[in-house]
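Q: What follows is a single structure, and I will ask about it in a moment.
The values are calculated or read from the model by the stated rules, or taken from the named source; none is laboratory data. Please read these numbers as outputs of a predicted model, since none were measured by experiment. When we count neighbours, we look across all protein chains shown, and the Cβ atoms used for this are built from the backbone with ideal geometry, even at glycine.
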Amino acid sequence: MNKKSPAYVLSFMAAICLVFGTGISVVNYATQGLLAKNAAMHRNRVLCRAFQLDVAGTSAEAYQQAVDAALRTATVGGRTVYECGAPGREGVGFVAGGMGFWDRIDVVVVLSPDLRNVLNVQVLDQKETPGLGARIEEPWFTDQFKGLSVAWEAPAESRILVGANPAPNAANEVDAITGATQTSMALMRFLNDELAAFRAAYSAAPQPLNPEP
Amino acid sequence: MTPLSEMGFLSSFLLIFVSAAFTDNILMARFLGMCSCLGVSKKVDTSLGLGVAVMFVTATTAALNYLVYTYLLVPLRLEYLRLIVFIVVIAAFTQLVEMIIERVSEKLYNSLGIFLPLITVNCAILGISLFMLNKPYSFLQAFAFGLGGGFGWFLAIALIGGIREKINEAALPKGLAGPGITLVVIGIMALAFVGFSGMIKI
Amino acid sequence: MASTYGKILKDGLLVENPIFRQVLGICSALAVTNLVVNTLFMGFGVTFATALTAFTVSLLRNYIPVRIRMIVQVVIIACYVMMIDILIKAVAPDIHRFIGPYVGLIITNCIIMGRAEAFASQNKPLPALVDGFANGLGYTAVLVAIAIVREIMGFGTVLGYVLPARDLWWHQWTIMVMPPGAFFMLAILTWIARARLVKEEAK
């Protein structure tokens, strides 16, 4: 067959796409169960880290058990809210997310029950530049959020400050990441957006979220 | 700041265009499309030629990929194939353009034709199509994003071409001439573009 | 035969180094060279993908229509990288969280395409495999060299270990962590490498 004929070119292209497309689809479907399991485990692990729960071991079951034992979930305003009632670890948590520099960032935010302070922020998912924006996962950065107070009286976009601002070392400020201004700004933007949305939904919901049975 | 969805059509179009072209310049802020930029920017006129071709392809494929993604991949739940599909769309579109230009205008083909294979491998174009998905754009806004991104690349390569043309006349050490000095030039330009970053937020 | 492979290896690593001589793969060279660990991940991925793609393209070289050979090559590259990406995600999700962001960079790395086009499409599968491997290694070597300098100057660390002198007198250069730092480092390295080549050619 003539290699230059349009029919050959088209059918070759179609064949290549078909073969490799099928390959990817097969791999994708074959691993879907595993992927879902991995995602659930990762979520539980980050929740344990965010609420500082005790976990017996590092297996998926251990994380699941720890989360089931300590956290109660409720749906408030379309988002899942996690509540922890264990003495000394009381807090409410939710997943906040938004656009980073390259792709979506998702973090678990834990607030004190009166919503005045941030207790913890742990990164759930991010695809920022390794060595720059990706450092939002590192403890030196996330530890800054522990005990941070939320300036609810401030305008909605500056209740939590990341990096440069007129009042350095304010009670609601954390340091930005050097060389990753864009990621830091993006984090600040969506944290403030999500905090406002969360508070509006949370205070409108009937309390307590999980009445004793 | 007013959310994009509540803005008038023209102002949102303009804002997306300007931010994609300057504050988020694909070459200077995200460093995509560097290889073909280093390879082709020796002279202003070739730089302009490739720049225009890239701008055209970026804008068109951003719009095409938007349609393919929204109306084909999402309903079929094949989002995970988007990389492959986008690449094929870009490559096929480039091929199509090449064939059409070849038949319609020989002059245009001779001046633009050599760049077309280079466009297929230009990661800036794929990058624009992928970044577009991360934002809640409408069809026309996606087109504005593609056009702006392409224009940003065009602008950057045109500037680099102009500088290189002058530098080529300077007496440089042999090892530094060519890619070496170009990298220094782009490094300094990138520093300037860092100053743009964060000026417009969408 | 062994000497042929030796020559291909040497070409890829030194004489025709993809970054210095062919000026390919620059985008990713800039993006990931601020930490040595990241660079090693990236280098490993690119070496693997280049070798595998070169092998496949070489196998198909007599059947690929000339007109669409680039599309075919890109599709092959993207599919391999994506399949490996999904597999790693399923089997080793924690490692995937580290290397996930590189996937897009590997697919669009023009070294893979450049070698498929320049070597694999005209040579037999085994030499093509070696050539892809050699070019991947040459690329990794240059990237690691850049990364070591950038990490020391930018963070005061090597592979994450803090250098003893850092907190005493070294002020970390933020510019080295940011992409412009990569341009300057790459320019200096290119200068040195090319100057040596010019000398050798003069002999």
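Q: Of the residues that sit in segment C:11-26 and are more than 10 Å from the chain's Cα centre (by Cα) and assigned to a helix (DSSP H, G or I), which one is surrounded by the most Cβ atoms within 10 Å (Cβ to Cβ)?
A: C:G12
Q: Continuing with this model, one more query. Looking at (1) away from chain C (no Cβ under 14 Å); (2) closer than 30 Å to C:E117 by Cα, which is the only condition B:A170 fails?
A: With (1) away from chain C (no Cβ under 14 Å); (2) closer than 30 Å to C:E117 by Cα applied to B:A170, the lone miss is (2).
Q: Would you mind telling me which numbered condition in (1) closer than 19 Å to C:V74 by Cα; (2) more than 10 Å from every other protein chain (Cβ to nearest Cβ) C:E117 fails?
A: (2)
Q: Could you tell me whether A:I136 is of a type outside the set (D, E, K, R), closer than 20 Å to C:V177 by Cα, within 20 Å of the chain's Cα centre (by Cα) and not in a helix (DSSP H, G or I)? Steps first, answer last, please.
A: Details: of a type outside the set (D, E, K, R): yes; closer than 20 Å to C:V177 by Cα: yes; within 20 Å of the chain's Cα centre (by Cα): yes; not in a helix (DSSP H, G or I): no.
Here the answer is no, as A:I136 does not meet what is asked.
Q: Further, regarding this structure: Exactly one of (1) more than 8 Å from chain B (Cβ to nearest Cβ); (2) under 18 Å from the mean Cα position of the chain (by Cα) is unmet by C:T190. Its number?
A: Tallying (1) more than 8 Å from chain B (Cβ to nearest Cβ); (2) under 18 Å from the mean Cα position of the chain (by Cα), C:T190 fails exactly one: (1).
Q: Of all the residues that make up segment A:141-155, how many are hydrophobic (A, V, I, L, M, F, W, C) and within 26 Å of A:N38 (Cα to Cα)?
A: Of all residues in segment A:141-155, those hydrophobic (A, V, I, L, M, F, W, C) come to A:141, A:145, A:148, A:150-152, A:154.
Keeping just the survivors that are within 26 Å of A:N38 (Cα to Cα) gives A:141.
Final tally of qualifying residues: 1.
Here's the yes/no breakdown for (1) farther than 28 Å from C:P93 by Cβ; (2) of a type outside the set (A, V, I, L, M):
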{"position": "A:S5", "(1), (2)": "yes, yes"}
{"position": "A:M13", "(1), (2)": "yes, no"}
{"position": "A:F20", "(1), (2)": "no, yes"}
{"position": "A:G23", "(1), (2)": "no, yes"}
{"position": "A:Q32", "(1), (2)": "no, yes"}
{"position": "A:Q52", "(1), (2)": "no, yes"}
{"position": "A:G57", "(1), (2)": "no, yes"}
{"position": "A:Q64", "(1), (2)": "no, yes"}
{"position": "A:V67", "(1), (2)": "no, no"}
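Q: Does B:G51 satisfy being of a type outside the set (A, V, I, L, M), at pLDDT below 85 and either surrounded by 19 or more Cβ atoms within 10 Å (Cβ to Cβ) or more than 26 Å from C:P18 (Cα to Cα) (or both)? Spell out how you get there, then give the answer.
A: Values: of a type outside the set (A, V, I, L, M): yes; at pLDDT below 85: no; either surrounded by 19 or more Cβ atoms within 10 Å (Cβ to Cβ) or more than 26 Å from C:P18 (Cα to Cα) (or both): yes.
The answer is no for B:G51.
Q: Report every pair of residues separated by at least 6 positions or lying on different chains whose Cβ atoms are under 7 Å apart, first residue within segment C:31-53 and touching a residue at least 24 places away in the same chain (Cβ under 8 Å) and over 24 Å from A:A180 (Cβ atoms), second hydroxyl-bearing (S, T, Y) and surrounded by fewer than 24 Cβ atoms within 10 Å (Cβ to Cβ).
A: C:T47/C:T140; C:A49/C:Y80; C:L52/C:Y80; C:T53/C:Y80
Q: Which members of segment C:40-65 meet the condition of being facing chain A (nearest Cβ under 9 Å), among the aliphatic types (A, V, I, L, M) and more than 11 Å from C:S121 (Cβ to Cβ)?
A: C:M42
Q: Which of the residues that make up segment A:36-76 are surrounded by 15 or more Cβ atoms within 10 Å (Cβ to Cβ), of a type in the set (A, V, I, L, M) and either within 14 Å of another protein chain (Cβ to nearest Cβ) or touching a residue at least 40 places away in the same chain (Cβ under 8 Å) (or both)?
A: Those that are surrounded by 15 or more Cβ atoms within 10 Å (Cβ to Cβ), of a type in the set (A, V, I, L, M) and either within 14 Å of another protein chain (Cβ to nearest Cβ) or touching a residue at least 40 places away in the same chain (Cβ under 8 Å) (or both): A:M41, A:V46, A:L47, A:A50, A:A60, A:A74, A:V76.
Q: Which fully enclosed helices (runs of 4 or more DSSP H) of segment C:123-202 have 2 or more residues being touching a Ser or Thr at 6+ places or on another chain (Cβ under 6 Å) and on the phi < 0 side of the Ramachandran plot? Walk me through it before giving the result.
A: Details: elements: C:125-155, C:166-169, C:174-177, C:179-202.
Here the list reads C:125-155.
Q: Quick one: which helices (runs of 4 or more DSSP H) lie wholly within segment B:40-151 and hold at least 3 residues that are in contact (Cβ under 8 Å) with a residue 24 or more places away in the chain and within 10 Å of another protein chain (Cβ to nearest Cβ)? First the steps, then the outcome.
A: Numbers: elements: B:44-68, B:82-104, B:106-112, B:116-120, B:123-133.
In segment B:40-151, B:82-104, B:116-120, B:123-133 are the helices (runs of 4 or more DSSP H) which contain 3 or more residues that are in contact (Cβ under 8 Å) with a residue 24 or more places away in the chain and within 10 Å of another protein chain (Cβ to nearest Cβ).
Q: May I ask you to say which residue of A:S149, A:S112 is modelled with pLDDT under 90, of a type outside the set (K, R) and touching a strand residue (DSSP E or B) at 6+ places or on another chain (Cβ under 7 Å)? Talk me through it step by step, then tell me what you get.
A: Numbers: A:S112 fails: modelled with pLDDT under 90.
Checking each option against the conditions leaves just A:S149.
So that you can scan it fast, the table gives a plain yes or no per residue for (1) surrounded by 18 or more Cβ atoms within 10 Å (Cβ to Cβ); (2) part of a helix (DSSP H, G or I):
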{"position": "B:W153", "(1), (2)": "yes, yes"}
{"position": "B:A170", "(1), (2)": "no, no"}
{"position": "B:P173", "(1), (2)": "no, no"}
{"position": "B:L176", "(1), (2)": "yes, no"}
{"position": "B:A190", "(1), (2)": "yes, yes"}
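Q: Name the residue that is farthest from C:L30 (Cα to Cα), counting only residues in segment C:93-129 that are of a type in the set (V, I, T) and surrounded by fewer than 23 Cβ atoms within 10 Å (Cβ to Cβ). Please lay out each step first, then the result.
A: Residues of segment C:93-129 that are of a type in the set (V, I, T), as a first pass: C:95, C:99, C:103, C:106-108, C:111-112.
Among the residues that remain, those that are also surrounded by fewer than 23 Cβ atoms within 10 Å (Cβ to Cβ) are: C:95, C:99, C:103.
On the way: C:I95: 22, C:I99: 16, C:V103: 15 Å.
Filtering first and then ranking leaves C:I95.
Q: Being away from chain B (no Cβ under 14 Å) and either under 28 Å from C:V158 (Cα atoms) or among the aliphatic types (A, V, I, L, M) (or both) is the requirement here; does C:A92 meet it?
A: Numbers: away from chain B (no Cβ under 14 Å): yes; either under 28 Å from C:V158 (Cα atoms) or among the aliphatic types (A, V, I, L, M) (or both): yes.
Judged against the criteria, C:A92 is a match.
Q: All but one of (1) touching a Pro at 6+ places or on another chain (Cβ under 6 Å); (2) part of a loop (DSSP other than H, G, I, E, B) hold for C:Y63, so report the exception by its number.
A: For C:Y63, the failing item is (1).
Q: Looking for whichever is at pLDDT below 90 and touching a strand residue (DSSP E or B) at 6+ places or on another chain (Cβ under 8 Å) here; the options are A:R89, A:R49, A:R43, A:R72. Which one fits? I'd like the intermediate steps shown before the answer.
A: Details: A:R89 fails: touching a strand residue (DSSP E or B) at 6+ places or on another chain (Cβ under 8 Å); A:R49 fails: at pLDDT below 90; A:R43 fails: at pLDDT below 90.
Being at pLDDT below 90 and touching a strand residue (DSSP E or B) at 6+ places or on another chain (Cβ under 8 Å) holds for just one of A:R89, A:R49, A:R43, A:R72, which is A:R72.
Q: Among the residues of segment C:66-77, write down those that are within 20 Å of the chain's Cα centre (by Cα) and facing chain A (nearest Cβ under 8 Å).
A: Within segment C:66-77, C:V75, C:I76 meet the criteria.
Q: Still on this model: Which count do you get for residues in segment C:9-38 that are more than 9 Å from every other protein chain (Cβ to nearest Cβ) and at pLDDT 80 or above?
A: So the count comes out to 1.
Q: Let me ask you something else. Could you tell me how many of the residues in segment C:95-110 are over 19 Å from A:I105 (Cα atoms), of a type in the set (A, V, I, L, M) and facing chain B (nearest Cβ under 9 Å)? Spell out the reasoning first.
A: In the first step, residues of segment C:95-110 are kept if they are over 19 Å from A:I105 (Cα atoms); the result is C:106-110.
If we keep only those that are of a type in the set (A, V, I, L, M) too, we end up with C:106-107.
Retained after the next criterion (residues that are facing chain B (nearest Cβ under 9 Å)): C:107.
Of the residues in segment C:95-110, 1 are over 19 Å from A:I105 (Cα atoms), of a type in the set (A, V, I, L, M) and facing chain B (nearest Cβ under 9 Å).
Q: Give the number of residues within segment A:152-194 that are of a type in the set (A, V, I, L, M), at pLDDT 85 or above and not in a loop (DSSP other than H, G, I, E, B).
A: So the count comes out to 8.
Q: Any residue in segment C:135-164 that is within 16 Å of C:N34 (Cβ to Cβ) sitting within a Cβ distance under 6 Å of a residue that is assigned to a helix (DSSP H, G or I) and of a type in the set (K, R)? List the pairs, counting only those 6 or more apart or interchain.
A: C:G156/C:R166
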